[in-house]
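These notes are about the structure you will find just below.
The values are calculated or read from the model by the stated rules, or taken from the named source; none is laboratory data. Computed from a prediction, not measured in an experiment: that's the story for all the values here. Using ideal geometry, Cβ is built from the backbone for each residue, glycine included, and neighbour counts are taken over all protein chains shown. For the accessible areas, the whole protein counts, side chains as well, though only heavy atoms, and no ligand, DNA or RNA atoms are used. Shrake-Rupley method; radii C 1.70, N 1.55, O 1.52, S 1.80 Å.
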Amino acid sequence: MTMQQHELDLPKIRAAREFAIKRHGDQKREFTGEPYWHHCGRVANQMIRYCASTEIVVAAWLHDTLEDTDATYNELVKEFGVESADIVLEVTNVSRKEHGSRPMRKRLDRQYLTGASWRGQMVKCGDTIDNIPSIVEHNVKFAQVYVPEKRELMLSMITIRQTCYPIWAAAWDVVIAGQRSIAEQLIDARSSAA
């Protein structure tokens with residue numbers, strides 16, 4: 001994919017925005033307390049920044065609806081079409097608690113995403129770009145687990161790296177910045193304790 005500007009179907013994108021706001025309802029971001037749908041909007045804006053099609057921008061708005069709301073795949077197909085619904089399905093975690101430890105679950109999710117289309121991987125890059133700074137800022141203990149998981153994920157997402165390198169590189173830079181920030185926070189904490 002070359003980064004070319006697509007003609008966006010703004011009414012369809014607005015419908016996805018409204019759907020995400022309604023379905024995420026009163027959900028809040030864990031560390032900031034802001035409405036959850038703000039995250040979806042930032043991921044959608046990343047897609048626009050990297051010249052994504054309407055279907056990808058719609059999927060970005062909806063990317064957590066299958067995982068975190070009562071929305072169904074069939075509902076997404078009916079409202080937004082197969083292409084956007086498939087992208088959402090590609091970025092939805094397949095692992096469940098009963099699949100074992102967190103490392104095992106994240107390995108399953110990573111394997112699933114490795115086989116995703118470049119469109120799905122593009123949305124996951126946008127998700128990573130938005131999630132890491134907040135987690136690193138607000139919960140360095142969890143960030144020590146989360147950021148290395150995202151590093152492994154980024155290394156496994158070859159399709160997007162070959163198809164739309166700029167967004168992959170931006171997500172990779174956020175992962176590296178997250179690792180550096182964690183290290184700095186840990187050094188500062190040790191210095192303060194001494």
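Tabulated values for the structure
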{"item": "Relative contact order (%) - criterion: Cα under 8 Å, at least six apart; region: the stretch 1-147", "result": "23"}
{"item": "Contour excess over end-to-end distance, with Cα ends at Phe31 and Asn45 and 0.36 nm allotted per residue", "result": "2.9 nm"}
{"item": "Computed lengthening from His38 to Ala169, 0.36 nm per intervening residue step minus Cα-Cα distance", "result": "44.8 nm"}
{"item": "FRET E, pair Gln111, Glu75, Förster distance 22 Å, beta-carbon r, rounded to 0.05", "result": "0.25"}
{"item": "Glu7 versus Arg96: modelled label distance in nm, points set 7 Å from Cα along the beta carbon direction", "result": "4.4"}
{"item": "Solvent-accessible heavy-atom area per residue, rounded to whole Å², over the chain at 1.4 Å", "result": "51"}
{"item": "Exposure ranking of Trp61, Trp118 by accessible area [1.4 Å probe, largest first]", "result": "Trp118, Trp61"}
{"item": "Surface share of carbon and sulfur [accessible, 1.4 angstrom probe, percent] for the chain", "result": "52"}
{"item": "Between the stretch 85-162 and the stretch 176-194, the alpha-carbon center distance in angstrom", "result": "24"}
